[in-house]
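This report refers to the structure that appears directly beneath it.
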Amino acid sequence: MNWILKIAPKWLTKIDTFLRINYVWIWATRIHLMLYFCLLLTLFFALIFGIYPLDIKNLLNVRDISNYYIPLLIPAFLLMGFYVFQAVLFNPDKRYTRGKNWHSIVVFLCMQLGMFLPFLIPFSTAVILNVKIANIVSDEEFIKDRNSFLTCGFYLHNASDYFGYYENDDAYLKSDNKIYFEPLFRRNGQNYDDYEKKALRDSIYFHKGVFKNNRPKLYRNANVTTDDLYLNSEFLKNPFIKTKLDSAVLDFYIEQNINFSDEVAVNQIGKLNYLLSKYSYFDLIDATKIINDKKNNNYIGYNFKSSTYSYNNYENYDYTADYYYNSKLNDLNSTLTNIVVAKANFIPRSISSFISVMFYVTYFLTVLILLFKWINWKQFLLFLLIIGVLLALIGVFEAIFSFRGFLILNIGLLFLIVGFIFTFKSYVSKTFKWWNNQWSIFIFLFMPNIFIFLLGYFSVVLNFWHWDYFKQKYYKNQYNGYDWSWQYTEEFYKLQSQVSFYSFHSGLLMFVLLLPFLHKVFMRLHALPKRS
Amino acid sequence: MDDIFELRINEIELALANDDLNRVSRRMMDLTHDFDCSADQKMESIIFREKYNLNKELGKSGNNNQVLKTEYANLLNSVKNIHPNLLVLNNQSEIICNATDISKTLGSFVLQKISLQLQRGKIIGLVGENGNGKTTLLRVLSGEITVDDGTVEYFSGITKLTTWEEIKTELAFIPQRIERWWGNVYDYISYNAAIKGISGDENIYATNFIIHRLGLSNFKNHSWSQLSSGYKLRVEIAKTLVWNPKVLMLDEPLANLDLMAQELLLQDLKDLTASLKHPVTLILTSQQLHEVETIADTVIFLKNGRSVFNGNTDDLEKLEQDYTLELDGKFTYHDLAKCLSDWKVKIEKNSLGYTVLMDKSHSVKSFFEILLSNNLELTYFRNISNSTKKLFNDKY
C-alpha cells in the first residue's frame with residue numbers, strides 16, 4: 001500500500017510513521033491506510049451522487065437505488081480482497097514479537113473494520129440518494145400532499161378492494177367476520193355477540209340497486225382494520241406515516257360517512273390534479289367527464305365479482321377507472337410511497353439488511369484470516385481436508401440412518417471436549433505435534449459458534465424447548481363446532497428467538513475476548529521445534 | 001573500561017591518519033553507540049557516515065573527504081573531551097547456549113553427537129562441504145527442528161526465558177534464501193525494530209544507526225526488487241541487528257557476495273557482534289574457509305554429520321605435524337615434483353593449482369628457497385596448515 005502513501009497527504013504519512021514506530025501491531029493491519037482510502041472514495045462517490053440531479057416527476061425508488069448500489073459492490077469486494085492481501089503481508093505474530101497477547105483483540109477489530117470499510121462506498125451512495133429523495137419535498141408539504149391523495153383517492157373508487165358486497169345483514173355477519181373473529185373472542189373470554197352488534201352498527205354493506213344511478217357510498221368492511229387502509233404494506237411498518245399522518249385522514253377512514261356531492265368530488269379531483277402536475281408527467285383528470293360517467297352507470301369494484309356471493313357482473317366492472325385514471329393514481333401512489341419510505345428509513349431497508357449481513361461475513365472472514373496468519377498454511381489446508389471429509393461422512397450417516405441432527409451434534413460435543421483437552425496440551429507442549437495443532441484450529445473456529453451450538457444441542461438432543469408454562473389453548477373454528485389444541489404463546493417464540501440471538505452474539509463476543517489465550521496457544525505452537 | 005575507550009580512540013585515530021574514512025565512519029558510529037555520548041554526537045556520527053556513503057556513491061572524494069576528515073577529527077576530539085562512560089558492560093564470557101551431544105536424523109543423513117557452547121559476543125564458524133550438516137545444525141540450534149538425542153539449552157541461569165516461544169524472541173536466523181519483504185528498506189527495518197518492542201525515538205535512532213552503519217544510506221528508499229542479492233542480505237542483517245538479538249545465525253551469508261563485499265560484511269559482523277552495548281553471538285556457515293577463519297573465534301568443521309574439528313584455528317596445528325601448502329605458478333606438476341624429489345612430500349593437483357603436504361623436518365622458508373633455486377615462479381601461495389581447509393583432505 002506504499003503507493004497510497006506516495007499520493008497521501010503529509011499528515012497521513014506522519015500517522016503511518018507514528019503507528020509504525022509506536023503501535024506496529026496496529027500499523028501492520030494497514031487500517032489507517034484503508035480508512036483513509038475508503039473514506040476518500042466514499043466522499044468522492046457521495047459527492048458525485050450528492051450533485052446527481054433528481055426529478056420529482058420521475059423519482060428513483062429503492063430498486064433504482066440498488067441499481068447504483070450493486071455495481072459499486074464489485075469494487076467494494078475487490079477492495080476487501082486487496083485489504084486481505086495487505087493485511088497478511090505484514091505478519092508480526094510469526095516473527096516472535098515482544099508484543100502483548102491482548103493486542104490480538106485490537107488487531108481482530110481493526111481487521112474486521114478494514115474488511116468492512118469498502119462497503120461504505122456503495123452504502124454512502126445509497127444513503128445520499130435516499131436522503132435526497134426524502135428531502136425532495138419538505139415534511140410538512142409532503143404530509144399535506146399525502147393526506148390529499150389518501151382522501152381524494154376515494155372519490156375515484158380506487159379503494160374498492162376494502163369494501164365488500166353483502167346482500168343483507170346476516171350475509172355480512174356470517175361472512176369472514178364470524179369465522180375470523182369468533183375464535184379470537186372465545187380465546188380472550190369475550191362475547192362475540194357484543195361484537196356483532198357493534199359490527200352491524202359500524203359497518204354498512206353495499207347492495208345492488210340501493211344506490212342505482214347514484215355514486216355509491218363505500219363503507220368499511222368490518223375485518224379491514226384502519227391500518228389496512230394505508231394501502232401499502234410499507235406503510236403499515238412506516239413510523240413516519242404513523243406518527244405524522246394528519247388525524248383528519250384517520251378520522252376520514254374511521255367515520256367513512258362522506259358526503260359525495262358533486263361539488264366535493266370536483267374539489268377532491270382538483271386536488272388530485274394538483275398532485276399529478278407536481279409528482280408526475282401525466283395529463284390531468286377531467287373531473288366533469290368522470291362524474292357524469294359515474295352518474296350514468298352503476299359501477300362496482302373488482303371485488304364484487306367474487307363467486308362466493310354469487311354476484312358476478314362483468315359488464316358493470318369499472319373499466320372507466322382503467323381508462324381514466326388507474327395508471328395515473330398508481331404512479332402517483334408509487335412516487336409518494338418512495339418519498340415516504342425514504343423519509344421513514346435513513347438507509348433503504350434492503351441495503352441495511354445487506355450491511356448487517358456483511359458485518360457477520362467480515363467477522364467470520366476475519367476469524368479465518370487471523371487463523372491463516374497464525375498457523376502454517378499447510379496445516380490450514382490439512383484442517384480443511386480433515387473437516388471436509390468428516391462432515392461428508394457425518395452427512396452421509398445422518399441421511400442414511402435419519403439421525404435428525406443427533407449424530408452431528410453428539411460428535412460435535414465430543415470433539416469440543418477433546419478439542420479443549422488438546423488445545424490445553426498445545427499450550428504446555430514442548431514439541432510440535434500436528435494433531436495438537438489441528439485440535440487447536442478446531443477449537444479456534446468452533447469458539448465463535450460455541451453457545452449457539454450448545455443451544456442447538458440442548459434443543460435437539462435434550463429437548464430443551466419443551467416448556468408447558470408457555471402453552472395455551474388454541475381454538476379453531478370448524479363447520480361443525482369448535483376445536484382446540486395446545487399451542488405455545490407468542491411470548492414463548494419471542495423468548496426462543498431472544499435466547500438464540502444472545503447465544504449467537506455472546507459466542508461472537510466471547511471469541512474476541514478469548515483471542516489473547518488462543519493467540520498464545522498458536523504462538524507457542526509456532527515456536528515449537530518440528531520433527532523435520 | 002578506560003582501556004577499551006582508549007583502544008577505540010586509537011583505532012579511529014589510526015584510520016583517520018591513513019585516510020581510511022570508511023573505517024573511521026563505521027567505528028565512530030560504534031564508539032558513540034557503545035559509550036554514553038550525547039545525542040548530538042550520536043547524530044553527527046550518523047550524519048557523517050551518511051555523507052561518506054553519499055560521497056562514495058557520487059564519486060566525490062578529494063575535497064569533500066577532506067572536509068569530512070576535519071569534521072571527524074572535531075567529533076573525535078569532542079568525544080575524547082567528555083570521556084563518556086560505557087553504557088552497559090556485558091559479561092562477555094556468558095554462556096548463551098549449551099548444546100550437548102546433539103544428534104538428528106533427517107532421511108539418510110545423520111548429524112552425530114555435536115557439542116558446542118555459544119558465548120556472548122563470540123563468533124562461531126560452521127564449515128564443511130555441502131550436505132555435511134551445517135544447515136541442519138543451524139536449524140537445530142535455532143529451534144526450527146527437534147533433536148533426536150542430546151540437549152540444547154539456552155540462557156540457562158541468565159534469563160527467565162524458558163519456552164521456545166520466549167527464547168526465539170532473542171534468536172535470529174537468516175536462511176540462505178531470503179524471504180521477500182514489502183515497502184522500502186527504511187520502513188522494513190523500522191518495522192522489524194518495532195515488532196521487537198523498540199518504539200518511539202529509540203526506533204528512529206536504531207533504524208538510522210543500522211542503515212548507515214551497514215552502508216545502506218543510499219538504498220534506504222529502495223524496494224526489494226531494486227536491490228541486488230548482496231544488498232538484500234545486508235538489509236536482512238540490518239533488520240536483524242536493529243533489535244539486538246542475543247544470537248544471530250547466518251546460513252551461507254557469503255555465497256552471493258563478491259570478494260570486496262565479503263570482506264566488508266565480515267568486518268562489519270565482527271565489529272557489531274563485538275559491540276560493548278549489545279554483544280551478539282554469531283554463528284555462520286560458509287564454505288569460504290579463509291574468510292570465516294579470519295573472524296571466527298571458534299571453527300567447527302563438519303564432515304558426514306560429525307564434527308571433525310571444534311576449536312580455535314590455532315589448535316589445528318596441534319592436530320598434525322605436517323605443513324599443508326597451497327600454491328600455483330608458471331610451472332608444471334612435473335617441474336614441482338622434480339624440484340621436491342628429495343623431500344618427503346605429497347603433491348596434489350587441483351583447480352587452484354597444487355596442494356603440498358610435507359612434514360615439519362623442513363621449514364616453509366626452505367620450501368621457498370628450493371623453489372627459487374629451481375627458478376619456479378610462484379603466482380599464488382598460501383599456508384593452510386592452521387586452516388580448516390586442510391580438513392577437506394580425505395584423511396580427516
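Within 10 Å of each Cβ in A:95-107, how many Cβ atoms from other chains are there, averaged over the peptide?
Per-residue shielding by partner chains comes out at 3.
Given axes a ≥ b ≥ c from the Cα gyration tensor, I'd like to know whether region A:51-100 is rounded (a/c under 1.5), prolate (a/b larger than b/c) or oblate. Note, shape of region A:51-100 comes out prolate. Computed over region B:224-358, the alpha-carbon pair-distance distribution with 10 angstrom bins reads 10, 30, 28, 20, 9, 3, each value a whole percent. Is region A:1-116 rounded, prolate or oblate when judged by the Cα gyration tensor, a ≥ b ≥ c being the square roots of its eigenvalues, rounded requiring a/c under 1.5 and prolate requiring a/b larger than b/c? It is prolate, given that a/c is not under 1.5 and a/b is the larger ratio. Peptide A:22-31 shows a mean partner chain C-beta count of 3 within 10 Å per residue C-beta.
Taking Cβ atoms as reference points and 15 Å as the exclusive limit, the residues near A:Y69 contribute a net charge of +2, counting Lys and Arg as +1 and Asp and Glu as -1.
Sorted on the mean count of surrounding Cβ atoms within 10 Å across their residues, most packed first, peptides B:10-19, B:130-139, A:390-399 read B:130-139, B:10-19, A:390-399.
From least to most packed, judged by other beta carbons within 10 angstrom and beginning with the fewest, A:H519, B:H222, A:H103, B:H334 follow the order B:H334, B:H222, A:H103, A:H519. Please compare each pair in B:K42/B:K232; A:K10/A:K94; B:K42/B:K277 to a cut-off of 20 Å on the Cα-Cα distance and tell me which ones are over it. Violating the 20 Å limit, Cα to Cα: B:K42/B:K232; A:K10/A:K94. Loop-located trypsin sites (Lys or Arg not before Pro) across region A:400-467 with a Cβ neighbour count of 13 or fewer within 10 Å are A:R404, A:K430, with loop assigned by DSSP.
Cβ-to-Cβ counts within 10 Å put A:H32, B:H362 in ascending order as B:H362, A:H32, the fewest first. The chymotrypsin sites (Phe, Trp or Tyr not before Pro) found in region A:417-502 that occupy coil by DSSP, while having at most 12 further C-beta atoms within 10 Å, are A:W467, A:Y479.
Bear in mind these aren't lab numbers, they're just calculated from the coordinates by the rules spelled out. Since the structure is predicted, the reported quantities are computational estimates derived from the model, not experimental observations. Quick reminder, even Gly has a Cβ in these numbers, built from the backbone with ideal geometry, and neighbours come from all protein chains shown.
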